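**Student:** Just passing along the structure, written as structure tokens.
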Amino acid sequence: TDLSAFIARLPKAELHMHIEGSLEPELMFALARRNGVEIPFDSVEAVRAAYSFSNLQDFLDIYYQGADVLRTEEDFRDLAAAYFDRAAADGVVHAEIFFDPQTHTDRGISFDVVMRGLTAGMDEAQARHGISSKLILCFLRHLDEEAAFATLRLAEPWLHRIEAVGLDSSELGHPPEKFARVFEAAAALGLKRVAHAGEEGPPEYVHQALDLLKVDRLDHGNRSLEDPGLIERLVREQMTLTVCPLSNLKLCVVGDMAEHPIDRMLDAGLRVTINSDDPAYFGGYVNDNFGAAAEARGLDREQLVTLARNSFLGSFLSEDEKAAHV
Ligand code: ES4
Ligand code: ZN
């Protein structure tokens with residue numbers, strides 16, 4: 001349609017995408033075969049059929065299982081290369097991608113293997129597609145503070161290739177306050193800070209992400225809408241929210257795309273962006289997310305331009321680089 005062609009042509013930055021969540025079933029099978037890893041599925045179709053989730057934890061269980069096929073530096077490079085090829089086709093010119101090192105180090109894969117592979121994929125994407133990218137190291141919040149500190153220590157030799165730390169995995173029961181000290185240590189190392197908050201967790205978790213983790217950007221943030229004072233604060237502080245419509249639908253954060261709050265967020269003056277989260281699991285890349293939200297909520301071209309512009313304003317590009325994009 002007219003609108004999807006308009007979306008496809010809009011240059012955009014992607015700010016909320018878990019690289020392990022871009023592992024398509026086809027690549028999962030190819031890596032399983034290459035590495036001699038058993039996977040509990042007979043076919044690509046059977047894998048896709050298993051992607052039906054009632055909540056975040058349902059998804060995480062299958063997402064961590066899928067990541068088991070990732071073993072070598074080449075695997076991580078191939079994973080990143082496949083994402084960047086797909087993102088480039090969607091008009092993404094800059095991507096700030098999450099990775100979950102603990103998912104790999106806990107299986108005996110070294111931090112350095114993960115970093116060498118991902119950075120090779122990033123450098124190739126810059127050369128082949130002109131896409132710039134940055135890495136965000138996420139701590140798994142279902143694990144303890146000491147494990148996060150150990151991961152931060154492994155990252156120290158790689159700080160020149162890591163822009164920020166983030167916080168992901170099971171939100172309920174693992175409030176941001178659990179990681180206040182490790183985020184403080186990350187800040188002291190010069191890293192920026194983001195956190196998933198208000199996806200399933202209450203507005204209190206968003207307050208904690210702001211006050212205790214001192215985040216530069218908020219991932220999801222949907223449940224902030226339940227707290228008018230919080231909305232006012234997010235608007236005043238020009239906090240960027242990385243919203244993920246298809247993720248919200250697949251994880252039942254919204255019951256139907258027709259109920260998605262993206263336009264209410266825009267109308268409230270929030271600096272919201274649209275992102276794909278875990279595109280291989282949630283049924284689409286960034287343009288699919290723009291298209292689904294636009295169709296369900298009747299977004300017009302001006303709103304779509306605002307969303308794309310917000311993606312650059314909310315990025316960790318320099319002010320000069322932002323100015324070149326907006
Ligand atoms: C995630 Cl959607 C989402 N939420 C929290 N943690 C995650 N890890 C990967 N995707
Ligand atoms: Zn996410």
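**Student:** For the residue pair E319 and L189, what label-to-label distance in nm results when each label sits 7 Å from Cα along the Cα-to-beta-carbon direction?
**Tutor:** About 2.8 nm, to one decimal.
**Student:** Looking only at A185, A49, A80, which one moves most when the chain is put into a Gaussian network model with springs between Cα atoms under 10 Å?
**Tutor:** A49
**Student:** What aspartates and glutamates does K178 reach when the alpha-carbon gap must be under 14 Å and sequence neighbours fewer than 8 apart in one chain are set aside?
**Tutor:** D144, E145, E146, D168, E204, D211
**Student:** Which residue fluctuates most in the GNM of the chain (Cα springs below 10 Å): L270, L70, L60?
**Tutor:** L60
**Student:** How far apart, in nm, are two points set 7 Å out from the Cα along the Cα-to-Cβ line at S4 and at D300?
**Tutor:** Taking the two extended label points, one gets 2.3 nm.
**Student:** A further question on this structure: Return the loop-located chymotrypsin sites (Phe, Trp or Tyr not before Pro) in region 228-326 (DSSP other than H, G, I, E, B) with at most 11 other Cβ atoms within 10 Å of their own Cβ; answer none if there are none.
**Tutor:** none
**Student:** Let me ask something else about it. Taking 1 over the mean of 1/r across every pair of different Cα atoms in region 57-173, what Kirkwood radius in Å do you get? It would help to have the intermediate numbers written out before the result.
**Tutor:** Values: mean 1/r = 0.0677 Å⁻¹.
One decimal place: 14.8 Å for the Kirkwood radius.
**Student:** Another one. Given the alpha-carbon gyration tensor of the chain, what are the semi-axes of its equivalent ellipsoid in whole angstrom, ordered largest first, with each equal to the square root of 5 times an eigenvalue? Could you put the intermediate results ahead of the total?
**Tutor:** On the way: eigenvalues 145, 109, 82 Å².
Here the semi-axes work out to 27, 23, 20 Å.
Read-outs throughout are calculated quantities, based only on the coordinates presented, and are distinct from any laboratory measurement. Every value quoted in this text rests on a predicted model; they were computed, and no experiment measured them. Please note: Cβ atoms are built from the backbone with ideal geometry, for glycine as well, and neighbour counts cover all protein chains shown.
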